[in-house]
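The values are calculated or read from the model by the stated rules, or taken from the named source; none is laboratory data. The model shown is predicted, which means the values in this text are computed figures rather than measured ones. Methodologically, a virtual Cβ is constructed for each residue, glycine included, from the backbone with ideal geometry; neighbour enumeration extends over all protein chains shown. Accessible surface areas use protein heavy atoms only, side chains included; no ligands, DNA or RNA. Shrake-Rupley method; radii C 1.70, N 1.55, O 1.52, S 1.80 Å.
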Amino acid sequence: MRWSQLYVPTLREDPADADAASHRLLVRAGFVRQLMAGHYSLLPMAVRVRGKIVDVVREEMARIGSQEWILPAVHPAEIWQRTGRWEGMGEEMFRLKDRKGADLALGMTHEEIFTTLAQELSSYRQLPQMWYQFQTKFRDEPRPKSGLLRVREFTMKDSYSFDLDQAGLDRSFDLHHAAYTRIFARVGIPAIPVQASSGSMGGSASVEFMSPTPAGEDLVVHCPACRYAANVEKADSALPAAADGEALAAPERFDTPEARTIEELARLHGVPAEQQIKTLVLVADGRPLLALVRGDHSLVEQKLLDATGARTVRPADADEIKGLLGALPGSLGAVGVAGRTGGTDGTDGTDGTGLTGLTGGTGLTVLADHALAGRTGMTTGANQDGVHLRGVDVARDIAVTRWADLREVRAGEPCVQCGEALEVVQTVEVGHIFKLGRKYTEALDVTVLGQDGAAVKPIMGSYGIGIERAIAAIVETHHDEKGIAWPVAVAPFEVAVVPIGKADEQTAAVVDDLYGRLRAERIDVVLDDRDERPGVKFADIELVGIPYRITVGPRGLKDGVVEVTTRATGETVQVPVTEAAAQVAALVRAAVAPLAG
């Protein structure tokens with residue numbers, strides 16, 4: 001390819017609205033252009049990078065025996081309704097009607113559709129199956145930002161496995177885990193596999209692949225000593241015991257008219273935050289509940305959803321709180337609140353969601369974080385404005401419906417596995433794998449005959465990689481003040497041949513020979529044949545991020561050499577003209593071969 005034929009609209013200044021490094025550089029280097037919030041056009045250079053990432057993914061999917069499909073992006077509502085996700089996906093699902101009034105959805109993911117196709121499976125002899133596709137997904141993201149990192153329309157590589165039993169699912173899951181590890185290594189994304197919540201996907205196990213970046217919105221708790229890692233929505237730590245306050249025979253009321261926050265209670269009344277109980281009033285799936293955490297801790301909303309099985313949760317408003325507890329935020333507590341601890345039938349007294357609501361005089365559900373277990377001498381609101389209680393014994397004074405892990409783990413806390421100090425890293429999710437179980441095969445009635453002739457519901461896994469997000473994640477890791485520095489495996493071009501100086505027959509002949517030799521070596525090469533100053537050419541090539549540059553000029557040719565510059569290091573060496581093509585081709589192969597092997 002000759003640069004004069006390329007469309008690469010580079011910019012000299014950063015776009016004003018770009019916050020993330022990848023957003024700024026992909027726009028400046030002429031890879032993407034925004035159509036509207038969350039929707040981006042991929043320009044020719046980005047399409048080349050995208051194609052190379054897709055090729056790597058295809059190779060690794062083939063290695064584990066997965067087969068490629070292409071499924072529709074528009075889905076009938078009925079399939080999603082059968083699994084309960086038509087409502088459960090909430091406002092992020094794009095819903096529409098066709099001209100006949102039928103309800104349709106733009107696919108966010110394809111569990112339902114692949115499972116529908118699996119209805120044609122009939123025998124255990126056809127299992128296991130691993131299927132995947134590259135398909136456009138749509139999510140009505142409320143706050144699209146950071147260029148390709150958070151969008152509303154994107155390409156997903158999504159895989160699905162169907163196995164006869166749990167052992168088979170474990171094998172499929174492990175195969176995908178290994179494949180994803182290789183994919184991210186090959187494309188140059190430093191990905192940390194972490195324990196995660198399954199969220200709306202459901203299932204028994206979930207691992208996210210998280211790439212560290214200041215532009216990320218996800219926090220990963222990571223132990224550098226033993227490699228423990230978990231999303232903050234799932235992370236735990238070996239929390240040290242906190243000192244209790246003064247124990248009393250019964251809770252004692254005291255006035256706190258100017259203390260409405262944890263910090264004010266600590267400052268004005270000398271009650272350390274770790275001796276306070278933070279009471280949060282929430283509404284989960286339309287039912288109110290209380291969530292209790294230590295005063296110096298924060299609630300993780302996803303942990304609460306996981307603990308209750310609820311699909312949605314929101315903070316109760318002031319009127320709702322006043323009606324439930326008789327006070328406004330700042331003086332709330334669970335002492336005297338009748339939580340429900342058991343039903344007359346021997347169950348936990350809930351309706352299956354873990355929530356009791358307020359019907360039948362059962363009281364509010366009270367969820368308490370494990371860090372409050374056994375605590376005495378605690379302080380909490382008295383459910384009267386401007387009044388608190390001291391000397392609270394949690395076991396004695398609070399009717400806890402359910403204990404759960406609700407708190408956010410913080411940097412410096414001891415690792416749950418080895419005791420070393422944990423780190424909290426800002427990251428972006430680049431891949432996610434789930435053990436789905438039989439949620440979808442049961443809902444959509446997929447059955448095969450087992451070895452004994454009995455009907456069996458296959459067990460499923462789901463595995464995803466966002467392709468455009470991968471492009472952005474690579475740039476987040478591989479850039480400098482000059483621009484992008486693509487890893488060789490995914491670079492739009494591997495080598496640029498750049499003639500400089502006054503054009504003459506000798507220079508032209510050497511340039512054409514190098515270009516031809518590199519193409520013969522199957523190197524992805526671009527010839528910068530523009531009538532531009534060397535500084536302009538070099539700046540564009542550095543901004544675009546081509547890994548190797550061969551500079552050909554009359555001065556070097558007098559000595560029989562050309563210059564070879566490595567983009568990642570900035571190192572320039574002189575190489576004999578006759579050896580340049582072979583040496584650069586060897587550099588390209590050496591950079592790719594160990595990862596592809």
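Just a few scattered comments:
- Alpha-carbon Debye profile of the stretch 468-597, log10 I(q)/I(0) at 0.16, 0.19 Å⁻¹: -0.77, -1.07
- Helix 44-63 and the longest principal axis of the Cα set of the chain meet at an angle near 70°.
- Helix 505-520 axis, angle to the chain major axis (alpha carbon atoms, nearest 10°): 50 degrees
- Counting protein heavy atoms only, the stretch 1-116 has 53 percent of its accessible area on carbon and sulfur, 1.4 angstrom probe.
- Its DSSP H runs of at least 4 residues, each contributing -39,500 (n - 2.57), put the calculated 222 nm mean residue ellipticity of the chain at -8000 deg cm²/dmol, to the nearest 500.
- The apolar share of the surface of the stretch 391-458, taken as the fraction of accessible area on carbon and sulfur atoms (1.4 Å probe, ligands and nucleic acids excluded), comes to 45 percent.
- Cα gyration tensor category, rounded, prolate or oblate, for the stretch 9-151 with a/c compared to 1.5: oblate
- Only protein heavy atoms count here; on that basis, with a 1.4 Å probe, Arg24 has an accessible area of about 60 Å².
- An ellipsoid equivalent to the stretch 188-317, defined through the eigenvalues of its Cα gyration tensor, has semi-axes of 34, 20, 14 Å when rounded to whole angstrom and sorted largest first.
- Taking the accessible area of the stretch 496-554, probe 1.4 Å, and keeping the other protein chains in place, the carbon and sulfur fraction comes to 47%.
- Gyration tensor verdict on the stretch 393-542 (Cα atoms; rounded if a/c is under 1.5, prolate if a/b is larger than b/c, oblate otherwise): oblate
- Rounded if a/c under 1.5, otherwise prolate or oblate - the stretch 106-226, Cα gyration tensor axes: oblate
- Think of a 1.4 Å ball rolled over the protein heavy atoms: the chain then has 44 Å² of accessible area per residue.
- Members of Lys303/Lys439; Lys157/Lys303; Lys234/Lys303; Lys482/Lys537; Lys278/Lys303; Lys137/Lys435 lying beyond 18 Å, as alpha-carbon distances in this model show: Lys303/Lys439; Lys157/Lys303; Lys137/Lys435
- Spatial separation of Cα centroids for the stretch 433-512 and the stretch 521-558, in angstrom: 27 Å
- Here the stretch 130-199 is treated with +1 on each Lys and Arg Cβ and -1 on each Asp and Glu Cβ, and its dipole about the Cα centre works out to around 480 debye.
- The chain - charge dipole about Cα centre, Lys and Arg +1 at Cβ, Asp and Glu -1, debye rounded to 20: 1080 debye
- The stretch 485-597, relative contact order in percent, only Cα pairs under 8 angstrom and at least six apart counted: 32 percent
- Pairwise FRET efficiency - Arg396 versus Glu120, Cβ, R0 = 35 Å, nearest 0.05: 0.05
- Values of log10 I(q)/I(0), in the order q = 0.08 Å⁻¹, for the chain under a Debye, Cα-only, solvent-free model: -0.71
- Of all DSSP bridge pairs formed entirely within the chain, close to 80 percent run antiparallel.
- Over the chain, relative contact order from alpha-carbon pairs under 8 Å, at least 6 apart, %: 17 percent
- Percentage relative contact order, the stretch 425-491, counting C-alpha pairs under 8 Å, at least six apart: 30 percent
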